[in-house]
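All remarks here apply to the structure that follows.
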């Protein structure tokens, strides 16, 4: 099966040079504030939005992942040089073997008030160029010069980032452009993105037979999935029933076709509403539901989550890490990208690897550092088979150690005084 395995950008947001994000079954993304941790996760969701039928531009920014951005906000603006374009590569694999690399140069066209594809390069699995095309200037931005021959042109119309070859199919094989269209269209229902701002669940939810179309960006409809599919409820139940939570999540009939989410004790008959369990239980519910949905292997296959550990105690974060590691350990695992600040979540994944729950190669840690110029760099850190970290930057998560040293110094000074 053809799948997206890496996203690369250059000149996008804080990433001035080529930056690669591999899509492993479980990736933890770390970095300081304002270093661009969330921008690549959101770009995946923006690409999915850009496959919609009503996409206004090459990049559809009107949806929730766009966060009200304009295209001119996206290109790298360092060195005081204004830019209106950036490049992006999508690397695809077929059963683990490199299959295609699709490279786009996306630019803002003032005359059309929209983003356009200014250049396109499609490569095969052996990196051979199948198509190299550069757009002509306005008003012929849909016509592309193919290769180095200025007389060899094709017309490509775009619906978002989905191409359609309109003229001169003899210049370039129609199947090449059709293949790109199919690959891009596959992103439309394969990326699920969960924002860090997640509201508390409703007190009552309608018991229904109709499965919701998609998990909302803030997880507000997570309970609707559980109400429509009890197997999904069973899938997330182990996280609640294991220590440290040790609760049974139930949907209790509440009359008039509604059910109420309650947490029952595994040790007594006591139960209470999910809303009474604190913010942590409310915030983690969409994470568990979203992960269970993609683990099924139908529809969405990439799950990008901002701050999955929000409001959870350290022990509960470790349990969440173990739960997600179990999903990532399957023979046909989903792709989970977790943007986080949590050291407990990282230690939980390391322990899961050391205990043999998840193969080390199914996970990775990505650390993003911001240079004095404002540009961000990305370090890919591998797990070892015993749960260790290979290539961990000395600056990563060093703040806690620094504060401990400062505390010890202060204590030493007091003792010396």
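Being within 30 Å of residue 196 (Cβ to Cβ), touching a strand residue (DSSP E or B) at 6+ places or on another chain (Cβ under 9 Å) and either modelled with pLDDT under 95 or buried (at least 19 other Cβ atoms within 10 Å of the Cβ) (or both) narrows it down to one of 115, 107, so name that one. Please lay out each step first, then the result.
Numbers: 107 fails: within 30 Å of residue 196 (Cβ to Cβ).
Among 115, 107, only 115 is within 30 Å of residue 196 (Cβ to Cβ), touching a strand residue (DSSP E or B) at 6+ places or on another chain (Cβ under 9 Å) and either modelled with pLDDT under 95 or buried (at least 19 other Cβ atoms within 10 Å of the Cβ) (or both).
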Could you figure out which of (1) under 18 Å from residue 171 (Cβ atoms); (2) surrounded by 18 or more Cβ atoms within 10 Å (Cβ to Cβ) isn't true of residue 85?
-> (1)
Per the list (1) more than 29 Å from residue 95 (Cβ to Cβ); (2) assigned to a loop (DSSP other than H, G, I, E, B), residue check on residue 300 breaks on (1)
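Against the definition (outside any helix (DSSP H, G or I) and on the phi < 0 side of the Ramachandran plot), how does residue 408 come out, yes or no?
Working: outside any helix (DSSP H, G or I): no; on the phi < 0 side of the Ramachandran plot: yes.
In short, no.
Looking only at residues in the stretch 267-283 that are touching a residue at least 40 places away in the same chain (Cβ under 8 Å) and assigned to a helix (DSSP H, G or I), which one is nearest to the chain's Cα centre (by Cα)?
Ranking the candidates gives 283 first.
Name the residues in the stretch 324-354 that are within 19 Å of residue 301 (Cβ to Cβ) and assigned to a helix (DSSP H, G or I), would you? Break it down into steps so the answer makes sense when it comes.
Narrowing the stretch 324-354 to residues within 19 Å of residue 301 (Cβ to Cβ): 324-339.
Once the filter is applied, which keeps residues that are within 19 Å of residue 301 (Cβ to Cβ) and assigned to a helix (DSSP H, G or I), the stretch 324-354 yields 324, 325, 326, 327, 328.
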Could you please let me know if residue 79 is over 25 Å from residue 123 (Cβ atoms) and in contact (Cβ under 8 Å) with a residue 40 or more places away in the chain?
-> yes
The condition from (1) within 20 Å of the chain's Cα centre (by Cα); (2) at pLDDT 95 or above; (3) crowded, with 18+ Cβ neighbours inside 10 Å that residue 295 misses is numbered (2)
Count of the stretch 269-292 residues which are surrounded by fewer than 20 Cβ atoms within 10 Å (Cβ to Cβ) and either at pLDDT 95 or above or touching a strand residue (DSSP E or B) at 6+ places or on another chain (Cβ under 9 Å) (or both) | 7
All conditions in (1) touching a residue at least 60 places away in the same chain (Cβ under 8 Å); (2) within 22 Å of residue 278 (Cα to Cα); (3) touching a helix residue (DSSP H, G or I) at 6+ places or on another chain (Cβ under 7 Å) are true of residue 187 except (2)
Enumeration of residues in the stretch 103-115 that are more than 24 Å from the chain's Cα centre (by Cα) and in contact (Cβ under 8 Å) with a residue 24 or more places away in the chain = 108, 109, 111, 112, 114
The stretch 355-376: number of residues that are modelled with pLDDT under 90 and assigned to a loop (DSSP other than H, G, I, E, B) = 5
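Does residue 352 meet the test of being more than 30 Å from residue 286 (Cβ to Cβ), surrounded by 13 or more Cβ atoms within 10 Å (Cβ to Cβ), outside the structural domain of residue 79 (by TED's automatic domain parsing) and modelled with pLDDT of 85 or more? Give the steps one after another, and end with the answer.
Working: more than 30 Å from residue 286 (Cβ to Cβ): no; surrounded by 13 or more Cβ atoms within 10 Å (Cβ to Cβ): yes; outside the structural domain of residue 79 (by TED's automatic domain parsing): yes; modelled with pLDDT of 85 or more: yes.
So residue 352 does not fit the description; no.
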Flagged in the stretch 362-385 as touching a residue at least 24 places away in the same chain (Cβ under 8 Å) and closer than 19 Å to residue 6 by Cβ, in numbering order, are 362, 363, 364, 365, 366, 367, 368, 376, 377, 378, 380, 383
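The values are calculated or read from the model by the stated rules, or taken from the named source; none is laboratory data. The structure presented is a predicted model; accordingly, all values stated were derived computationally and were not measured. Because the Cβ atoms are built from the backbone with ideal geometry, glycine has one as well, and the counts that use them run over all protein chains shown.
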